[in-house]
Amino acid sequence: MNIAHWLLDAAQRWPQRAALFDGNRQVADYQAFATRVRQRALQLRHEQGIAPGDRVALLMKNSCDYLELLYAIWWSGAVAVPINSKLHGLEAAWIAGNAGARLIYTDDGQVFGSGNLPGDCREICGYELSAAPESAVAELAQPWPRQDTDLAWLFYTSGTTGRSKGVMLSHGNLMAMSLCYPLDVDPVDGGDAVVYAAPMSHGAGLYNFIHVRCGARHVLPASRGFQAAELFELAQELGPVSLFAAPTMVKRMVEQARQQGYAGEGIKTIVYGGAPMYLADLDQALETFGPRLVQIYGQGECPMSISALAREAIADRDNPDWPAIAASVGRAQSCVEVQVINAQGRVLAPGEAGEIAVRGAPVMLGYWDNPQATQAALVGGWLLTGDIGFLDTRGYLTLTDRSKDVIISGGSNIYPREVEEVLVQHPEVFEACVVGEADAHWGESVVAFVVLRSPGSLDSQALNEWFLAHMASFKKPKKYLFCTELPKNSYGKILKTHLRQSLQDPVEVGNL
Ligand code: AMP
């Protein structure tokens, strides 16, 4: 089934129900939402020549139009490729090329200029909506037929061993993930609103489906981003609202709420996940907002739906087990099985740490055009997450480490390898290695250890300029540490653990 049927169904059941809000202003009810989506689908088909199965990319900030475009893509039978709008143009163009996208929507239609997009990919502004051709009035009255296993969303996540990989999510994956939400995360009511405070190209965008299915409201903050004070105003005007927030966002919300004496009025649920939430921060959030928090653990390959930690468990601070439970990521969600395995694939006993593996309906089809990576990630029907953790006897899962070395800064994932690749492209750089350093504000920040060909030939500013010419600024190292050599093991592999350790205890590392 095409997931866009959920929109058609909502429009038929509740045509006059409020659907889309630009800030606190309603811009469409469900009838208008579905009508505009169909019109855009016809535009895709007739003006842009998009056929079912074609990939259409979006490089845009959050907006009501973004949601309409996503549904128009599915309505026409095509595949959406949402790209993080903070990426550098070169990175976005690479993704569009890898996905074989025929079209890319941008905020102004002028991001790329001529010759910067691959072969047959065209750029257009996502805000233009022209009338459907008269000859097409009877077409696409329903979403184009799709099977559950047909591709719906190509979700680009960065790999540690090279470029981004396109996670293939089917219509069925998205439905299964969405149906877990009211069972494992939070029941949804038609009177609710979901606020998109984090990028819709990622987890926050994935929460649209269940809210469409239930005929709830969709609120796009006027700032097009995350501002805690704005969010509180929207919650008070349009509540009950729910939102997805990375732990660093929750931290900023707590700071702002305390400054202005706000206690969560209008907020129904804050779903946090995507990175570790420290206990002290969770404690403060509960103190400030009360029992409004739910945690999820997922990854692009099994989006938002590996485990969840329920509101009651998080709020029950009198439970003597609270520290252990609150430090966990909860229990497996309804559509998945979770197990912890060792390097040989043997299932480990409760309490033993190993790689987390997951199996079930939301698990991806594989990586786009990358059978090797798919084979390594999907083994015997199980997805190997690359995360290390353990289960306890009650079924609570705790993450202990991230085997992938990903740096999570301000809720965004930064993969050291891609930062290193940009640095070592500089002719003066001999070697570079990037690690994360704990950062009170961002969760983690990027630190680059750099070995120059001729010591002193470059400084941090020069490297920064080089970096910004190639990659998005949110990935740039906050610190460059110049050294004469990098610590390596006998296989010549750089010892990242030593480098991380040196950040805590610089005297220990002689050659830095
Ligand atoms: P992404 O594929 O970009 O969504 O990143 C997924 C990764 O983020 C996971 O593999 C985990 O390493 C991490 N992650 C996701 N949710 C949580 C959570 N609740 N607590 C700690 N880390 C998390």
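A few notes on this one:
- Loop-located GluC sites (Glu not before Pro) in segment 265-373, at most 16 other Cβ atoms within 10 Å (DSSP): 265, 352
- Protein-only accessible surface at a 1.4 angstrom probe places the residues 64, 214 in the order 214, 64, largest first.
- Translational D in µm²/s for the chain (Stokes-Einstein at 37 °C, 0.692 mPa s, Kirkwood Rh from C-alpha pairs): 137 µm²/s
- Distance from segment 110-145 to segment 221-298 (C-alpha centre basis), Å: 36 Å
- Most positive-pole-ward Cα, 112, 80, 151, against dipole of the chain from beta carbon charges: 151
- Rounded to the nearest 20 debye, the dipole size of the chain about its Cα centre is 500 debye, using +1 on the Cβ of Lys and Arg and -1 on the Cβ of Asp and Glu.
- Solvent exposure ordering (accessible area, 1.4 Å, most first) of 254, 424: 424, 254
- Hz values of 3J(HN,Hα) by residue in segment 468-478 - Karplus curve (6.51, -1.76, 1.60), Gly and Pro given as x: 5, 6, 10, 8, 4, 5, 5, 9, 6, x, 7
- Near the amide H of residue 366, within less than 5 Å, lie the amide hydrogens of 168, all on another chain or at least 5 residues away, with H placed in the peptide plane.
- The phi torsions of segment 283-288, fed into the Karplus equation with coefficients 6.51, -1.76 and 1.60 and a -60° offset, translate into couplings of 4, 5, 5, 5, 4, 7 Hz, rounded to whole numbers, with Gly and Pro shown as x.
- Nearest 10 degrees, 0 to 90: helix 64-75 Cα axis against the chain principal axis: 80 degrees
- Solvent-accessible surface (1.4 angstrom probe) belonging to residue 262, in square angstrom, nearest 10: 20 Å²
- For residue 104, the accessible surface of its heavy atoms amounts to roughly 0 Å² (probe 1.4 Å, protein chains only, rounded to the nearest 10).
- For the chain, the share of DSSP beta bridges that are antiparallel, to the nearest 5, is 60%.
- Solvent-accessible heavy-atom area per residue, rounded to whole Å², over segment 400-489 at 1.4 Å: 44 Å²
- Unsatisfied cross-links (Cα-Cα over 25 Å) in the set 86/268; 61/479; 268/478; 165/479; 251/496; 61/251: 86/268; 61/479; 268/478; 165/479; 251/496
- Solvent exposure, largest accessible area first (probe 1.4 Å, DNA, RNA and ligands not counted), of 374, 497: 497, 374
- For segment 135-253, a crude dipole built from +1 on the beta carbon of Lys and Arg and -1 on the beta carbon of Asp and Glu, taken about the Cα centre, is about 480 debye to the nearest 20.
- Compared with the dominant principal axis of the Cα atoms in the chain, helix 247-260 is inclined by about 80°.
- Taking the 1.4 Å solvent-accessible surface of the chain as the whole, the part contributed by carbon and sulfur is 50%.
The values are calculated or read from the model by the stated rules, or taken from the named source; none is laboratory data. Remember, predicted model here, so these are calculated numbers, not experimental data. FYI the Cβ positions are ideal-geometry reconstructions off the backbone, even for glycines, and counts take in every protein chain you see. Side chains included, ligands, DNA and RNA excluded: accessible areas come from the protein's heavy atoms. Shrake-Rupley method; radii C 1.70, N 1.55, O 1.52, S 1.80 Å.
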